[in-house]
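The block underneath contains the structure these notes are about, expressed in structure tokens.
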Amino acid sequence: MAKFGEGDKRWIVEDRPDGTNVHNWHWSETNCLEWSRNFFTKQFSGVDILSGEGEAKDSDGKTLLKADGLVDMPYISDENADEDPEIRFSVKDEGPIGRTLKEAMVKKGKEIILEKVRVYVEAMARGGPCRDELESKKVAPKSVAAGSATVAVEKSGAAPVVSAAAVESKVVKEKKKAKTKEGFKTITMTEKFNCRARDLYEILMDENRWKGFTQSNAKISKDVNGPISVFDGSVTGMNLELEEGKLIVQKWRFGSWPDGLDSTVKIVFEEPQPGVTIVNLTHTDVPEEDRYGNATVVENTERGWRDLIFHRIRAVFGFGI
């Protein structure tokens, strides 16, 4: 993985203000180093892990038992909120003093450190350093738009003119909204590719090609009722309907979603002319919030389809941008 700021620009969608990894889509690059450093400094401020075991002093108050050590946690992520991270303790002095302190840290310090890490993971899952900024950006545009509309009506002194097309569009949207379960949304998307429909179908159903264009592990069965796992296991599900070159219907769920929730992905392939394929995606029953209370699931899922799947397929396989 590249260091922050050194990633390949083709894979960076945009910098997000929420500081999260958007629960398993891996589509943004955000530097939370300083925020994390301050967080842990505050969490461990005043914490005495080895009181009585970490030091011994003489009559003058000088420390007799002391050794430099290191606590290493190779990986911490809100994706693993239900799992404790690996913790490694090491000391520079491998003699009796160093071993004594290392054993004391393993015995007494590990649980204290894990407790602080759990607080950190929960904070990251709820948006990390910029949750307030994200929430303000979500609300502000709606307020501005509403205010602008009100001013326009007041200045004109007349009722706004609404076209028949606008009324029809509103009716269609209301019907779609009525069919959607409360607390869930439906994502629809249409994408165009310069390739044959069967080629695009094969890419979406081939785990090796998935690994190639997403740069993550994937396991995809080509049989109906067969299991699927993509984006390093962050998304799991199964095949419901398969028609080569024409239709893919799958059950999808993200690891960050509340237990028992599944969504349905339907991809319809149309080839109006040889070498041109139209993909119509319908992703139903997408929850508005994840298990941590983040209300950006629908937005993140839609961007994930567009930027991590469809756009990358075009770039990697040369199917047009």
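The values are calculated or read from the model by the stated rules, or taken from the named source; none is laboratory data. Since we're looking at a predicted model, the values are computed, not measured. We place every Cβ from the backbone using ideal geometry, glycine too, and count neighbours over all the protein chains shown. For the accessible areas, the whole protein counts, side chains as well, though only heavy atoms, and no ligand, DNA or RNA atoms are used. Shrake-Rupley method; radii C 1.70, N 1.55, O 1.52, S 1.80 Å.
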Quiz item: How would you rank 269-281, 98-110, 295-307, highest first, on the average number of other Cβ atoms within 10 Å across their residues?
Solution: 295-307, 98-110, 269-281
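Mind ranking Val316, Val230 by accessible surface for me, highest first, 1.4 Å probe? Intermediate results must be reported in sequence, preceding the final value.
Details: Val316 70, Val230 5 Å².
Sorted by accessible area, descending: Val316, Val230.
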Quiz item: Mind listing the phi-derived Karplus ³J(HN,Hα) values for segment 278-290, rounded to whole Hz, using 6.51, -1.76 and 1.60 with θ = phi - 60°, and x for any glycine or proline?
Solution: 9, 10, 10, 9, 10, 10, 9, 6, 8, x, 6, 10, 8
